[in-house]
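The structure appears right after this line, and notes come after that.
Every read-out reported here was derived from the displayed coordinates using simple, explicitly stated rules and does not represent laboratory data. As the structure is a computational prediction, the values presented were derived from the model and not from experiment. With ideal geometry, Cβ positions are generated from the backbone for all residues, glycine too; neighbour counts draw on all protein chains shown.
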Amino acid sequence: MMKSPQDNTTTKFWQSSLAIIWKDWKIELRKKSLLSSMLIFSLMIVLIFTFALDLDKSARENVAIGILWVTFVFAATLGLNQTIALENENSTLDGILLSPIDQTSILVGKFISTFIFVTIIEAFVMPIYYILFEIPLFSPKLIVVILLGTFGYTLVGTLLATIAMRTQYREIILPILLFPVATPIIISAVQCSNKILSGASWNQMSGPFNLLIVYDIIFVGIAIMTFDHLIKE
Amino acid sequence: MINLQNVSKSFGLTFVLNDINLKISTGQFTTIIGPNGSGKTTLLRIISGLLTPNTGTVTINGINTATHAYDTRHLIGVISHQSFLYENLTAFENLLFYARLYGINDINSRIKFVLDTVNLSKHQNILISTFSHGMKQKLSIARSILHNPPIILCDEPYTGLDQNSSDNLTRLLQSITYSGNTVVMVTHNLNKVIKLSDQLIVLHKGKIETNEPIADKTLETLIKEYDEITTR
């Protein structure tokens, strides 16, 4: 059966996204610098908070989700900076931009790579966090919220990191741009996670949960519509 | 054919290119020379589609690079002093990555062919972080011809090359032109201009000062003319 032009475009789009994911993973598996630095950074935050806040169980439950999201957000920002910095080496971004691909596939490839990197770190940190804080983190609802929060944060982060990479002070510019824009995602994710941990019903947590989904959808739209323009020059 | 009409480009308040009109014929080896800051690299980046001009149009074989960038990118290969290569991938993996982006069929045989062309087949499984500058430049050339483009744009490709690598690059560029491809090269090396070019463009302060065939120009006359233009 003949493939339609639409099928061909979609196939090429995913081929180029997968090529970028393959390349990012190949480099990371060889260098092991990104995952190790994110992991060490996350563990340091968790340990510092564990020993700095010598709290009783109820107080610990109150601050636990905040510390968890601080860890994830900082680790993700570190990861975003490094995955995008990779494309500054030998002007490889120009090499990619010269190729005949839909440039949104660069965003999709970079986003999926970073999302997987951050999710792996979260999967490592959560059991350690569970041991140190004695907080029941392994509820399916909480995992869904963490994935949705990570999705939104890394998506906005990938978009803004491409703007920041063209600037001289990339490492400073990214958090300055990212934190205000991603605040709605972080607030909804923290509120939602807190409610899940306190055993709230679906009605009580539906507000922040819906908000989190809406923000994710809005940012997907913004990213797809703007990336082509942001990546140029 | 590459055609630029009324192309201007500024960065902020600085005008880099001012009302450039230029036609480069198919199969021609054109060299662009000019002092630092004259707009050579910007001109090449505009032709390649990496930069968009503020005004004017660029067409390649009649296709507008701004409105149909996807179609014109197939036609261009770029050799730059930046290699566009990943240090932590092997030579083969770098080419494999770009071959996938270009949607090349029969990837393995094409990679083998371009690696043979630049004499790097023996080093295909070595990380390029261990390569010398000359080897990286060879691989960069292999990357640029991977999709067999009819137009090659070279931005100071001789930067940092030793005599041997430089001669190899010259031979390769000559063979590219002999096979009917168009080459546009930006360089400071006037010797290479005389040796390789059919057409010479002198760019100064964002304007084309000279656009003429090399014909039987000697290096001495070229140096004299160039000095006259750039000291105006």
### Query
Which of the GluC sites (Glu not before Pro) found in region B:134-232 are loop residues per DSSP with 14 or fewer other Cβ atoms within 10 Å of their Cβ?
none
### Query
On average, how much area does the Cα convex hull of region A:33-232 cover when viewed from any direction, in nm²?
11.4 nm²
#### Entry: P(r) weight above 20 Å for region B:150-232, C-alpha pairs, percent
35 percent
### Task
Of the options A:W202, B:N18, A:F13, report the single residue whose Cα projects farthest towards the positive end of the charge dipole of the protein assembly as shown (beta-carbon charges: Lys, Arg +1; Asp, Glu -1).
A:F13
### Task
Using only the Cα atoms of region B:49-100, construct the convex hull and provide its projected area averaged over every direction, in square nanometres to one decimal.
4.8 nm²
### Message
Positive end of the dipole of chain B, charges at C-beta (+1 Lys, Arg; -1 Asp, Glu), about the Cα centre: which of B:I194, B:S140, B:C154 has its Cα farthest in that direction?
### Response
B:S140
### Task
Starting from the amide H of B:I79, placed 1.01 Å from N in the peptide plane, find each other amide H under 5 Å away whose residue is 5 or more places distant or on another chain.
B:L153, B:C154, B:D155
### Query
Placing +1 at every Lys and Arg Cβ and -1 at every Asp and Glu Cβ, with all other atoms neutral, what dipole size does region A:33-232 have around its Cα centre, in debye to the nearest 20?
220 debye
## Note on the structure
Placing +1 on each Lys and Arg Cβ and -1 on each Asp and Glu Cβ in chain A, then taking the dipole about the Cα centre, the residue among A:V108, A:L29, A:L211 whose Cα reaches farthest towards the positive end is A:L29
### Message
Pick from A:L93, A:L29, A:L148 the residue whose mean-square fluctuation is largest in a GNM of chain A, springs joining Cα atoms under 10 Å.
### Response
A:L29
### Query
In debye, nearest 20: dipole of the protein assembly as shown around its Cα centre with unit charges on the Cβ of K, R (+) and D, E (-)?
400 debye
### Task
State the three equivalent ellipsoid semi-axes of chain B, derived from the C-alpha gyration tensor as the square roots of 5 times its eigenvalues, in descending order and whole Å.
29, 21, 16
### Task
Go ahead and run the numbers for FRET between A:S36 and B:D71, Cβ-Cβ distance against an R0 of 41 Å, rounding to 0.05.
0.45
### Task
Calculate the all-directions average of the projected area of region A:1-124's alpha-carbon convex hull, and give it in nm².
10.6 nm²
### Summary
region B:1-135: Kirkwood hydrodynamic radius (Cα pairs, Å) comes out at 17.1 Å
### Query
Using just the C-alpha positions of region A:169-233 as equal point scatterers, what log10 of I(q)/I(0) does the Debye formula give at each q in 0.24 1/Å?
-1.01
### Task
Quick one: net charge around B:Y86, please, counting Lys, Arg +1 and Asp, Glu -1 for every other residue with C-beta under 12 Å from its C-beta.
0
### Per-selection Kirkwood Rh - region A:102-150 (Cα, Å, 1 d.p.)
12.2 Å
### Task
Please report, in Å, the Rg and the Dmax of region A:57-146, where both are computed over Cα atoms only.
17.5, 57
### Task
Pop a pseudo-label 7 angstrom from the Cα along the beta-carbon direction at both B:K224 and B:S129 and give the gap in nm to one decimal.
5.3 nm
### Query
Sorted from largest down, what three extents in whole angstroms do the Cα atoms of region A:110-227 have along their principal axes?
45, 30, 22
### Message
Taking θ = phi - 60°, what integer Hz values does the Karplus form 6.51 cos²θ - 1.76 cosθ + 1.60 yield along region B:142-148, in sequence order, with x for Gly and Pro?
### Response
4, 4, 6, 9, 4, 9, 6
### Task
Largest first and in whole Å, give the semi-axes of the protein assembly as shown's equivalent ellipsoid, each being the square root of 5 times a Cα gyration tensor eigenvalue.
50, 23, 21
### Message
Give me the percent relative contact order of chain A, please, defined on Cα pairs under 8 angstrom at least 6 residues apart.
### Response
24 percent
#### Entry: Cα-based helix-to-principal-axis angle, B:219-230 vs chain B, degrees rounded to 10
60 degrees
#### Entry: Beta bridges by DSSP in the protein assembly as shown, antiparallel share as percent, to the nearest 5
55 percent
### Theoretical FRET efficiency, 1/(1+(r/R0)^6), r = Cβ-Cβ of B:N36 and A:T183, R0 35 Å, to 0.05
0.20
### Message
Run the numbers for B:N61 and B:N164: contour at 0.36 nm per residue of separation, minus the present Cα-Cα distance, in nm.
### Response
33.6 nm
